[in-house]
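*Asks:* Handing you a structure now.
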Amino acid sequence: MARELIVALDEGTSNVKAVAIDARGDVVAKASRPLTVATPQPGWVEQDGLTLLNASLTVLRDVLNTVGENRVAALAISNQRETAIGWERHSGRPIGPALTWQCSRSGAFCDQLKRDNQEVLIRSITGLPVAPLFSASKMRWLLDNTPEGHSRADSGEICLGTIDAWLLWNLSGGQQFRCDTSNASRTQLLNLHSGGWDESMLALFGIPRAALPEICPSGSLFGVTRGLAGIPDGLPIMAMVGDSHAALYGHGLGAPGGVKATYGTGSSVMAPLGQADTSITSLATTVAWHDGQRLVYGLEGNIPHTGDGVAWMAQATGLTDGKGLVLSRALHELPASIDSTLGVYFVPALTGTGAPWWDDQARGVICGLSRGVTPAHLIRASLEAIAYQIADVIEAMRLHPDFRLETLMVDGGPTQNPWLMQFQADLLGCPVARSSTPELSALGAGLLARRTLGQLNDEQLLALMPEHDLWQPDPGRHERCQQSWLGWQDAVKRTLWQPSS
C-alpha cells in the first residue's frame, strides 16, 4: 500500500491533537487529548513537560493505529511557541516545568534589561520587544533555579529548547537536538539577519550556546522516529513550525498584503513580509517559516489572553459544566440576546498585556458596571475583548508601508462562534474569512512536510488549501463598533501599570 498520508502533531496549550492528511489535503483521521496548566503563583504559568510528551505520543499512536502505519509517509509538528523547557542530555529528564508563553515570572529580569537600555539593541537583532513572553528570559530562569544550572548548561549537560525541540528529541530517541527557524525566532536569541544564534544575545541572557539546538529550515528532514512503543522506527519528521506560523501557511498567505488571526487561548495576528523590517516598535518581526528554499518573515502582534479571558469570565459567572468546561451554547447565544454590554468593558490582562501595549505589570479590569448588568453582558464583554485586541494589533500594523487589510483570514476554536466573527467584521469594516477546517495549524505543518518530501510544488499546494466561510461587515454597525472601540481603549489605559510617585 502506498505511503500517501502525512500525520501532523499539533501540540497546543490547552490540547494536543494529531491528524492524518491524505494527498488531497483532507483530514482522514484525528485524535486529541486535553492539557492543563498550573499557576503556582500570580503571573506564573507552567505545564509538565512529560505530560505534554505523553499526551503527544498517545494521540500519535491513536492516529497511526487508525490509519495503519504502513500508509504514513512522514510526520510533521506544529507547536505552542515561546514555551521553554530544559532537560538533562544524558537522562532526558526535565530540569523543571515547561514555562509557557503566558508565564511572566521572568518579568523582573526583563524590566532590568529595559532599565539598562538594552531594548533597542535586542529589537534590532531579534525583531522582538523585551517581554517575558519570549523564551530567552524563561531559559535563564530555568538555569538560575537549577543547581549548577549555568555551568552544567555550558558543559552541554543541559539542553534548552522550545517545544518542537523537546518533542523531536524524544521522538528520535534522543538522537536529534534541533529546532526550526520559526520557533528559534521566538526565543529572542536568533539573529534575524544571519539566521543563527546571536553571540551578543546569548551573552546578554546568559544562555550557553552548547545548551541550544541546531537551527534548521521549517521544511527539512529533522530526524526519524526511534525506540517508541506503538510508533514504528524510521518515520521521517519532515516539518516543524510554530502553530501560528503553520496557520499562516495553511491559509495560503506567503506574500505581503495578507493578514491572518489565530484565535485560541491567546491570539496571534500575523502578516507576511519580504524582509526583516523591525521599525514598528509595538509589534514583533519574526520568521514566518523557511520552506527549505524561501525564507518568509512576518509582522506579528501577540495577545496572551483572548479565549483564555472568555474561559475565565465563564468560570467567574458560573457558565461551566462543573468540570471546568465552558458551556459553548451559552457563549453562542448570550451575546446575541442583548444589544450591547451596557458600557461594560473587560480587559483580560490576567498576566499582563501583549501587543501593542507590552506591559507585563498590567492586570485585568472590568469597568463600566451598573445595576442592570447581567452575566450575559459580562460574557459579551469578554468576547468583544477578543475582537478589540485584534483590532488594536491591526491598527499598529497599518504603520507598515507593505501592509494592507482587504480580508482578515481567521482560524482557531473561538472562530466557531458566528456572533464573534460578525462582530469582528463589523469592527474592522472588512470581510472576515474563516478557514473551514478546525485543524489548520496541523494542516499547515502537514502541507509543509508534503512539500519537503518533494511531492507538490507551491501552485499544487495552494489548490489543497481549505475553503473559507465569509462574514461581511455592516456599515451601520461598523460606525457603532468604532465608537465602542474608543471606550475600550480608555479601559485598556486603566490596566496599564503606573509607578507610584
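*Asks:* I'd like to know if the range 174-183 contains one or more residues that are open to solvent by less than 10 Å² (accessible area, probe 1.4 Å) and more than 16 Å from G292 (Cα to Cα). Spell out the reasoning first.
*Replies:* Start the filter on the range 174-183 by keeping residues that are open to solvent by less than 10 Å² (accessible area, probe 1.4 Å), which leaves 179-180, 182-183.
Next, from what is left, pick out any that are more than 16 Å from G292 (Cα to Cα): none.
The answer is no, given that none of the residues of the range 174-183 is open to solvent by less than 10 Å² (accessible area, probe 1.4 Å) and more than 16 Å from G292 (Cα to Cα).
*Asks:* When both residues are 6+ apart or on different chains and their Cβ atoms are under 9 Å apart, which pairs have a first residue that lies in the range 40-51 and is modelled with pLDDT of 95 or more, and a second that is in a helix (DSSP H, G or I)?
*Replies:* G49/I163; G49/W166
*Asks:* Can you go through I386, I366 and tell me which one is touching a residue at least 40 places away in the same chain (Cβ under 8 Å) and either more than 14 Å from N417 (Cβ to Cβ) or assigned to a helix (DSSP H, G or I) (or both)?
*Replies:* Details: I366 fails: touching a residue at least 40 places away in the same chain (Cβ under 8 Å).
Of the residues listed, the single one that is touching a residue at least 40 places away in the same chain (Cβ under 8 Å) and either more than 14 Å from N417 (Cβ to Cβ) or assigned to a helix (DSSP H, G or I) (or both) is I386.
*Asks:* So which residues in the range 434-470 are more than 22 Å from E4 (Cα to Cα), of a type outside the set (S, T, Y) and crowded, with 22+ Cβ neighbours inside 10 Å, if there are any at all?
*Replies:* Correct list: R434 only.
*Asks:* Return the pairs, sorted by first residue and then second, in which the second residue is at pLDDT below 95 and not in a loop (DSSP other than H, G, I, E, B), the first residue lies in the range 127-139 and is more than 16 Å from G352 (Cβ to Cβ), the beta carbons are less than 7 Å apart, and the residues are 6+ apart or on different chains.
*Replies:* Listed by first residue and then by second, the contacts come to G127/A284; G127/T285; G127/T286.
*Asks:* If you check every pair at least six apart or on different chains, which have Cβ atoms under 6 Å apart with a residue in the range 69-96 that is touching a residue at least 12 places away in the same chain (Cβ under 8 Å) and farther than 12 Å from A165 by Cα first and a residue that is surrounded by fewer than 17 Cβ atoms within 10 Å (Cβ to Cβ) and β-branched (V, I, T) second?
*Replies:* If the second residue must be surrounded by fewer than 17 Cβ atoms within 10 Å (Cβ to Cβ) and β-branched (V, I, T), the pairs left are I95/T146.
*Asks:* Taking I163 and the conditions (1) under 23 Å from the mean Cα position of the chain (by Cα); (2) modelled with pLDDT of 95 or more; (3) farther than 18 Å from A84 by Cα, which numbered condition does it fall short on, given that it satisfies the others?
*Replies:* Going through (1) under 23 Å from the mean Cα position of the chain (by Cα); (2) modelled with pLDDT of 95 or more; (3) farther than 18 Å from A84 by Cα one by one, I163 breaks only (3).
*Asks:* Ok, one more. Which ones in the range 239-265 are surrounded by fewer than 24 Cβ atoms within 10 Å (Cβ to Cβ) and in a strand (DSSP E or B)?
*Replies:* P256, G258
*Asks:* Could you please find all residues in the range 373-416 being among the polar types (S, T, N, Q) and open to solvent by less than 10 Å² (accessible area, probe 1.4 Å)?
*Replies:* Filtering the range 373-416 for residues among the polar types (S, T, N, Q) gives 374, 382, 389, 407, 415-416.
Once the filter is applied, which keeps residues that are among the polar types (S, T, N, Q) and open to solvent by less than 10 Å² (accessible area, probe 1.4 Å), the range 373-416 yields S382, T415.
*Asks:* Go over the candidates A55, A73, A84, A108 one by one and state the one that is open to solvent by less than 10 Å² (accessible area, probe 1.4 Å) and of a type in the set (G, A, S). Break it down into steps so the answer makes sense when it comes.
*Replies:* Numbers: A55 fails: open to solvent by less than 10 Å² (accessible area, probe 1.4 Å); A73 fails: open to solvent by less than 10 Å² (accessible area, probe 1.4 Å); A108 fails: open to solvent by less than 10 Å² (accessible area, probe 1.4 Å).
Among A55, A73, A84, A108, only A84 is open to solvent by less than 10 Å² (accessible area, probe 1.4 Å) and of a type in the set (G, A, S).
*Asks:* Which of the residues belonging to the range 344-357 are out of contact with any Ser or Thr (no Cβ under 7 Å at 6 or more places or on another chain) and either in a strand (DSSP E or B) or open to solvent by 40 Å² or more (accessible area, probe 1.4 Å) (or both)?
*Replies:* Once the filter is applied, which keeps residues that are out of contact with any Ser or Thr (no Cβ under 7 Å at 6 or more places or on another chain) and either in a strand (DSSP E or B) or open to solvent by 40 Å² or more (accessible area, probe 1.4 Å) (or both), the range 344-357 yields Y345, L350, W357.
*Asks:* With respect to A165, determine if the residue is free of Cβ contacts under 8 Å to residues at least 60 places away in the same chain and buried (at least 22 other Cβ atoms within 10 Å of the Cβ). If you could, list the steps in order and put the result at the bottom.
*Replies:* On the way: free of Cβ contacts under 8 Å to residues at least 60 places away in the same chain: yes; buried (at least 22 other Cβ atoms within 10 Å of the Cβ): yes.
Yes, satisfied.
*Asks:* Could you tell me whether the range 35-51 includes any residue that is open to solvent by 70 Å² or more (accessible area, probe 1.4 Å) and either among the acidic types (D, E) or more than 24 Å from the chain's Cα centre (by Cα) (or both)?
*Replies:* So far as the range 35-51 goes, yes, one or more of its residues are open to solvent by 70 Å² or more (accessible area, probe 1.4 Å) and either among the acidic types (D, E) or more than 24 Å from the chain's Cα centre (by Cα) (or both).
*Asks:* Among the candidates A211, A203, single out the residue that is more than 19 Å from the chain's Cα centre (by Cα), among the small types (G, A, S), surrounded by fewer than 24 Cβ atoms within 10 Å (Cβ to Cβ) and at pLDDT 95 or above.
*Replies:* Step by step, each of A211, A203 is checked, and only A203 is more than 19 Å from the chain's Cα centre (by Cα), among the small types (G, A, S), surrounded by fewer than 24 Cβ atoms within 10 Å (Cβ to Cβ) and at pLDDT 95 or above.
*Asks:* Closer than 30 Å to L64 by Cβ and of a type in the set (A, V, I, L, M, F, W, C), is that true of M313? I'd like the intermediate steps shown before the answer.
*Replies:* Working: closer than 30 Å to L64 by Cβ: no; of a type in the set (A, V, I, L, M, F, W, C): yes.
Criteria not met by M313.
*Asks:* Looking at the range 444-473 only, could you name the residues that are assigned to a loop (DSSP other than H, G, I, E, B) and either closer than 19 Å to A246 by Cβ or at pLDDT below 95 (or both)?
*Replies:* The first filter runs over the range 444-473 and keeps only residues assigned to a loop (DSSP other than H, G, I, E, B), leaving 453-457, 465-467, 472-473.
Of everything in the range 444-473, those that are assigned to a loop (DSSP other than H, G, I, E, B) and either closer than 19 Å to A246 by Cβ or at pLDDT below 95 (or both) turn out to be L453, G454, Q455, L456, N457, M465, P466, E467.
*Asks:* Looking only at strands (runs of 3 or more DSSP E) that lie completely in the range 266-338, which have at least 3 residues being open to solvent by less than 10 Å² (accessible area, probe 1.4 Å) and within 23 Å of P348 (Cα to Cα)? Please lay out each step first, then the result.
*Replies:* Values: elements: 267-273, 284-290, 295-303.
By residue number, 267-273, 295-303.
*Asks:* Please determine whether any residue of the range 122-137 is surrounded by fewer than 18 Cβ atoms within 10 Å (Cβ to Cβ) and within 25 Å of the chain's Cα centre (by Cα).
*Replies:* Kept after step one, since they are surrounded by fewer than 18 Cβ atoms within 10 Å (Cβ to Cβ), are these residues of the range 122-137: 124.
This time we only want the ones that are within 25 Å of the chain's Cα centre (by Cα), so: 124.
So far as the range 122-137 goes, yes, one or more of its residues are surrounded by fewer than 18 Cβ atoms within 10 Å (Cβ to Cβ) and within 25 Å of the chain's Cα centre (by Cα).
*Asks:* Here's something else I'd like to know. Consider the range 255-293. How many of its residues are free of Cβ contacts under 8 Å to residues at least 60 places away in the same chain, under 20 Å from G446 (Cβ atoms) and more than 14 Å from the chain's Cα centre (by Cα)?
*Replies:* Adding up the residues that qualify gives 2.
The values are calculated or read from the model by the stated rules, or taken from the named source; none is laboratory data. Note that the coordinates shown come from a computational prediction; the quantities given were computed from them, not determined experimentally. Because the Cβ atoms are built from the backbone with ideal geometry, glycine has one as well, and the counts that use them run over all protein chains shown. Side chains are part of the model used for accessible areas, which takes the heavy atoms of the whole protein and leaves out ligands, DNA and RNA. Shrake-Rupley method; radii C 1.70, N 1.55, O 1.52, S 1.80 Å.
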